[in-house]
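Visitor: Questions regarding the structure given below will be posed in turn.
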Amino acid sequence: MILQKERLLPTPPELWPAEDELRAALNGSSVFWCGRAATALLWAYEIARLVGDSVDIPEAIVPAISCLTPANAASLAGYRVRFADVDPQTGLVTLDTVRERWTPATRAVVFVDLFGQTADLNPLAAWCRENNLLLIEDVAQAQGARLPGGLPAGSGGEVAVFSFNPTKILECGGGALVARSARVREALDCSPISLPVSEIDSQSAVLLSESAGKLHRALVALRRIEAAPNIAAAYLRLQAAYCGLYLRSLHRPVKLASAWASLPRLIEARARRAEVYASRLSGGPWRLLDGWRSSGVCWRYSLLVDFPEHLMSLSEAVRRDGFHVSNLYWPVNEFINPLDHCPHAEYFARRIVNLWTEEAVSVDWVEKCCSSVAAHALRYSRTV
Ligand SMILES: *Cc1c(COP(=O)(O)O)cnc(C)c1O
């Protein structure tokens with residue numbers, strides 16, 4: 001099925017090859033194409049309500065380290081959002097950190113394959129089955145990656161969610177949900193999803209998404225320098241204003257269909273650039289995240305620096321040298337539910353440096369970027 005102009009229609013023929021491939025790779029029962037992973041997440045939360053026992057206010061457990069989207073979509077779908085802390089070395093949630101947030105109202109759990117890293121999801125999936133929870137694997141940053149057992153990323157949960165929007169691996173636009181169980185498919189067949197928002201025009205969407213990004217950066221800065229003890233009160237008051245962002249149709253299936261074939265080449269090229277980062281940054285006042293080696297996908301080349309006090313100065317200095325660098329993701333619990341204290345997420349957020357691996361950067365650029373990072377990092381590590 002495909003979401004177009006707020007209507008679910010049969011998948012157009014040009015997307016059949018991609019749909020067959022996704023279904024076969026993930027052992028999936030059906031695929032729903034839409035404009036954003038955010039829309040797919042909204043659906044997934046709706047499905048979790050349908051397949052779970054009824055409850056007044058369902059709860060979703062999402063990672064404390066991620067973009068805001070999985071948490072925002074859960075709020076919009078009427079959930080109370082709970083945040084699982086992460087492994088401080090990888091930024092990934094674990095079975096233990098998820099279990100800590102379980103309550104009788106829990107209906108959905110989201111695992112994010114952060115920066116392309118994957119994990120053995122079997123224990124988490126088994127626990128979700130025992131507790132009748134829907135496990136949603138968010139593959140937005142890891143399309144084409146492998147789980148530790150060799151199966152494709154997206155086959156760890158009962159539902160997989162993909163993004164094909166700019167900055168992700170395929171940047172042609174779009175998102176998808178893959179249903180991987182009979183009960184999910186049946187729930188969808190018997191009860192077509194009613195989405196809690198309507199679609200906004202593209203001009204408003206551009207402005208709104210710009211505004212959301214700026215609000216996010218503004219609030220993160222306050223927390224980074226501890227200028228405000230709590231940003232959730234401000235964020236939650238405005239959250240409803242952004243709800244129009246979360247529902248989007250897939251407008252250009254032809255573009256997605258033609259981009260699909262380029263996935264192996266794009267992943268391969270990212271791995272080549274990651275290899276250069278790994279060899280040029282093999283030693284220094286940082287720790288490299290090397291999960292991309294086993295997963296096969298490096299979305300952002302990432303390291304954790306040993307000098308958190310100077311993290312932002314490092315990024316600024318590298319940017320001044322002309323290189324893309326970011327410090328993705330402040331703990332999302334601080335925006336939405338600060339009572340879910342996640343100290344490891346804060347540890348991670350205060351150290352993470354993300355470097356570019358996409359088509360726009362050449363191997364030569366990567367080499368120079370490494371020299372810049374290494375030189376400034378050495379300088380800042382000495383001033384601790
Ligand atoms: C980018 C991203 C999303 C949202 O993707 P859209 O297609 O822009 O909605 C969701 N989850 C994760 C982990 C992401 O990185």
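Visitor: When a footprinting reagent is the concern and you count Cβ atoms within 10 Å, what order do VAL254, VAL373, VAL161 take, fewest first?
Guide: Least to most surrounded, the residues fall as VAL254, VAL373, VAL161.
Visitor: Going by C-beta contacts inside 10 Å, put TYR235, TYR45 in order with the fewest on the left.
Guide: By the 10 Å Cβ count, ascending, the order reads TYR235, TYR45.
Visitor: Counting DSSP beta bridges in the chain, what percent are antiparallel, to the nearest 5? Can you show the working numbers first?
Guide: Working: 25 of 42 bridges.
Percentage antiparallel, nearest 5: 60.
Visitor: Strictly over 27 Å apart at the Cα level, which of LYS255/LYS368; LYS214/LYS255; LYS168/LYS255 would you flag in this model? List each step's numbers first, then the result.
Guide: Numbers: LYS255/LYS368 34 Å; LYS214/LYS255 29 Å; LYS168/LYS255 15 Å.
Those over the limit are LYS255/LYS368; LYS214/LYS255.
Visitor: If you don't mind, there's one more thing I want to ask. What ranking do 53-64, 305-316 get when scored by the average of other Cβ atoms within 10 Å per residue, highest first? Provide the component values of the computation, followed by the final result.
Guide: On the way: 53-64: 19.8, 305-316: 17.0.
For the peptides 53-64, 305-316, the packing ranking is 53-64, 305-316.
Visitor: Test of the criteria: in the range 46-149, which trypsin sites (Lys or Arg not before Pro) are in a DSSP loop and have at most 13 other Cβ atoms within 10 angstrom of their Cβ?
Guide: Values: sites: ARG49, ARG80, ARG82, ARG99, ARG101, ARG107, ARG129, ARG146; in loops: ARG101.
Taking the range 46-149 and a limit of 13 other Cβ atoms within 10 Å, no loop trypsin sites (Lys or Arg not before Pro) are found.
Visitor: Can you tell me the mean projection area, over all orientations, of the convex hull of the chain's alpha carbons? Units nm², please.
Guide: 17.7
Visitor: Using DSSP to define loop residues, name the GluC sites (Glu not before Pro) in the range 90-148 whose beta-carbon has at most 16 other beta-carbon atoms within 10 Å.
Guide: Filter output for the range 90-148: GLU100.
Visitor: Right, here's the next one. Please state the equivalent ellipsoid semi-axes for the range 279-384: what are the square roots of 5 times the Cα gyration tensor eigenvalues, largest first, in whole Å?
Guide: Its equivalent ellipsoid spans semi-axes of 24, 18, 13 Å.
Visitor: In nm, give the distance between the simple-model label positions of ARG146 and ARG129, each being 7 Å from the Cα along the Cα-to-Cβ direction.
Guide: Computed distance between label sites ARG146 and ARG129 equals 2.3 nm.
Visitor: Positive end of the dipole of the chain, charges at C-beta (+1 Lys, Arg; -1 Asp, Glu), about the Cα centre: which of ALA73, THR383, LEU9 has its Cα farthest in that direction?
Guide: Going by the Cα projections, it comes out as THR383.
Visitor: Between the helical axis of 363-382 and the dominant principal axis of the chain, each derived from Cα atoms, what acute angle in degrees is found, rounded to the nearest 10?
Guide: Once rounded, one gets 60 degrees.
Visitor: Hey, could you grab the Kirkwood Rh for the range 6-92? Inverse mean 1/r over distinct alpha carbon pairs, Å, one decimal. The partial results should precede the final answer.
Guide: Values: mean 1/r = 0.0664 Å⁻¹.
That comes to 15.1 Å for the range 6-92.
We did not get these values from a lab; they are worked out from the coordinates using the rules stated. Keep in mind that this is a model prediction, so the values were computed, not measured. Note that each Cβ is placed from the backbone with ideal geometry, even for glycine, and that neighbours are counted across all protein chains shown.
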